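Down below is the structure, laid out as structure tokens.
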Amino acid sequence: MNENEFWTAYADSQKRVTLTEDQKRTIAAAAGQHPRERNTAPSAAAEHNAQTKPAAVPPAARQHRSLGRIALPAAACLAAIALAVGLVTSFDTGGPFGIFNATPDFTVQAYAADSDSILEMGTENQIVFSRSADAHGIGSKEAYLAEGYYTGCLFRVGGEGLTRIQASVSTGALYRSTQETVTAGENPERWAELVSWKPTARGLGEYYDEYDYVSIVGSPDALAKDDPAKQWSVELTKKLGSTIDVAMDDSSSSCSFGFWTNEDYGGNGDGMEATDAIIDLFDGATLTITATFEDGHTTTQVIELHAADVKASMQQSEDGLWELSLTPEIVDPSGLQQYTDYVHTLYGTVEKTSHEPFPESLENANEYEGAASDPLPFERQDLLRPLGDDVVIGEQDIHAATDSIPFTADMGTSFTLTDLQMLSRSTQLPDGITLDDLRSGMHSWEYYNRVVSQIDGYTIDENGTITGESEGFSWVVMEATIANAGAKATEMTGDGGFYGEYAVIDDEGHVSTALARSFALTNGGWDAPNAAVYRDFTLEPGETTTVRWLAIVPDVVLDDPSLFFLAYADNTGVPSEGTLSGMELALTNE
């Protein structure tokens with residue numbers, strides 16, 4: 001195949017990529033200049049990495065982005081809108097275009113995850129990748145080494161008659177990224193699981209238990225956020241391994257692959273500087289892709305990855321999500337601002353194309369596909385949390401249970417609490433109450449047990465009975481009368497955990513609060529259409545109501561003779577000096 005035949009075949013393979021006139025002018029302007037001439041000096045991070053790059057950390061805890069996306073909530077690491085890509089074939093050696101020894105019968109094209117759009121190709125056989133639009137970078141190096149980082153540098157493989165894709169990357173691993181659209185009003189259970197998903201919930205749930213990360217990345221419509229007909233675009237991420245072997249079917253055309261790593265990037269930095277250093281870990285790495293076709297023939301491309309500063313800008317969508325707009329032009333970052341003028345990302349050049357079979361072993365292909373990565377862990381907490389040496393309370397500030405003490409819930413609200421009672425205490429739920437009658441504040445009791453088993457040291461069984469291996473805990477049934485002492489009608493929750501905390505006092509008057517958990521009764525005697533958002537009822541000025549709730553409290557606190565209920569007397573939800581006000585608390589029947 002000569003040079004003209006190659007470019008004719010290449011142009012045919014790219015016909016489905018439509019460019020605007022502005023995009024064509026951008027490519028034409030850049031075409032006469034080699035990228036290495038535009039950016040001859042490597043970044044400081046790249047130089048440091050080349051000199052001190054340590055051995056790879058084993059891909060242990062299979063996790064992810066900032067603790068935002070590692071963290072995106074992330075947190076989330078939102079991959080971006082952009083422009084760029086997709087070269088299909090290339091060269092071996094000899095001449096400016098090399099010796100073309102294989103037909104360009106499949107394409108490798110970069111994609112933006114949030115918009116699910118193809119990115120414009122660069123010049124000089126460059127596949128210019130977008131990347132995650134993290135506004136803060138990684139949360140901490142320790143978290144990164146455990147979770148790893150999903151770069152957002154996504155690509156797809158396309159071609160007529162493709163039946164299988166095999167690929168490997170010489171650094172880190174490859175992950176799969178797919179998208180779906182969810183409408184809250186059509187599938188409320190799926191929506192509830194989606195909005196409550198977090199890295200600590202990996203492996204749980206009915207809809208998203210197989211994924212390592214689940215992120216809402218935008219919306220294809222202009223409806224209001226609270227419109228039940230509004231559609232939301234969701235990115236679903238699953239790490240596969242350094243080598244993948246994937247059968248192609250009708251749904252494969254919407255499946256993208258990206259680069260993941262948890263290799264030590266050197267230094268102790270975090271934030272956006274760390275993400276740039278992580279991108280540099282892929283500088284010089286090799287991506288090998290083999291496509292198998294219906295007639296049995298194979299084509300293999302070897303792509304070399306490079307880190308570079310590429311023209312880009314960060315923009316916020318109407319949904320409040322950040323999007324990265326990328327132009328396939330390598331720039332000198334001097335005097336430019338990251339995410340305003342450029343982004344540090346990857347591009348690839350196709351170094352070799354052949355009809356050879358996949359050159360790597362497939363023994364460990366898709367090694368992480370079978371299950372979600374390990375969930376992020378929690379740390380055990382102390383049962384008593386001292387408020388500090390400066391926080392003391394006198395006997396005069398602890399009132400009788402029949403007295404009235406003030407508390408606040410939200411800014412500008414004023415309530416009083418009176419007739420506080422602890423009606424019962426047991427390791428079992430009271431007769432007539434089931435777990436379905438309680439609002440835990442978590443998506444499921446399965447997830448609740450995952451959390452409290454690590455933080456508190458107990459679990460509850462399907463009947464609500466508390467079991468634990470260390471300190472004991474008990475259910476308590478609480479009841480109190482609250483009154484709206486403010487000047488306006490106010491929505492209020494039936495969860496007494498928003499009124500105050502269970503506390504004890506040491507010999508010097510210092511206060512410690514308990515590691516306790518509180519639950520509203522969803523059948524608490526009021527009309528609660530918004531029970532899931534902690535707005536159970538409305539109190540008019542001067543109006544009162546009696547509220548009953550449940551809590552799980554450590555036995556060491558319940559057995560302490562100094563036990564009292566510490567009310568939130570300001571709008572912070574955190575007791576402070578000068579605002580402490582409490583109420584005596586004891587089991588009513590004792």
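The values are calculated or read from the model by the stated rules, or taken from the named source; none is laboratory data. Just so it is clear, the model here is predicted, and its values are computed rather than measured. Because the Cβ atoms are built from the backbone with ideal geometry, glycine has one as well, and the counts that use them run over all protein chains shown. Accessible surface is based on the protein model in full, side chains and every heavy atom, while ligands, DNA and RNA are left aside. Shrake-Rupley method; radii C 1.70, N 1.55, O 1.52, S 1.80 Å.
Can you order the peptides 272-282, 364-374, 257-267 by their average number of other Cβ atoms within 10 Å per residue, highest first? Let's see the in-between values first.
On the way: 272-282: 24.7, 364-374: 16.5, 257-267: 23.2.
Per-residue mean Cβ counts within 10 Å order the peptides as 272-282, 257-267, 364-374.
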| Area accessible to solvent at HIS399, 1.4 Å probe radius, in Å² | 60 Å²
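Among residues other than ASP437 whose Cβ falls under 15 Å from its Cβ, what is the net charge (Lys/Arg +1, Asp/Glu -1)?
-3
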| Roughly what would the spin-label model give for THR340 and ALA487, points 7 Å off Cα along C-beta, in nm? | 4.4 nm
| task | Compute the distance in nm between two label points, each set 7 Å from the Cα along the Cα-to-Cβ direction, one at MET411 and one at SER196. | result | 2.9 nm
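Once the Cβ-Cβ distance between ALA247 and ALA371 is put in as r, and R0 is 22 Å, what FRET efficiency do you end up with, to the nearest 0.05?
E(calc), rounded to 0.05, equals 0.65.
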| note | In terms of the alpha carbon gyration tensor, root eigenvalues a ≥ b ≥ c, rounded if a/c is under 1.5 and otherwise prolate when a/b exceeds b/c or oblate, the range 412-556 is oblate
| task | Calculate, for GLU395 and ARG535, the FRET efficiency according to 1/(1 + (r/R0)^6) with r their C-beta to C-beta distance and R0 45 Å; round to the nearest 0.05. | result | 0.80
| task | Could you calculate the contour length gain from ASP506 to ARG380, that is, 0.36 nm times the residue separation minus the distance between their Cα atoms, to one decimal place in nm? | result | 43.1 nm
| Which pairs, out of LYS230/LYS488; LYS198/LYS352; LYS230/LYS311; LYS141/LYS239; LYS198/LYS230; LYS311/LYS352, put more than 30 Å between their alpha-carbon atoms? | LYS230/LYS488; LYS198/LYS352; LYS230/LYS311
| message | Restricting to Cα atoms and excluding each atom paired with itself, what does the Kirkwood estimate give for the range 356-485 in Å? | response | 19.8 Å
| request: With a/c under 1.5 counting as rounded, go ahead and sort the range 243-388 into rounded, prolate or oblate using the C-alpha gyration tensor (a ≥ b ≥ c being the square roots of the eigenvalues; past the cut-off, prolate if a/b is larger than b/c, else oblate). | output: oblate
| What order, most packed first, do the peptides 164-171, 182-189 have when packing is the mean number of other Cβ atoms within 10 Å of each residue? | 164-171, 182-189
| query | For the range 263-387, what is the charge dipole size about the Cα centre, in debye to the nearest 20, if Lys and Arg each add +1 at the Cβ and Asp and Glu each add -1 at the Cβ? | reply | 200 debye
| query | When the Cα centres of the range 178-257 and the range 398-470 are compared, how far apart do they sit, in Å? | reply | 33 Å
| Karplus-derived 3J(HN,Hα), 6.51/-1.76/1.60, for each residue of the range 474-483, Hz, glycine and proline x | 9, 6, 10, 9, 10, 8, 7, 9, 10, 9
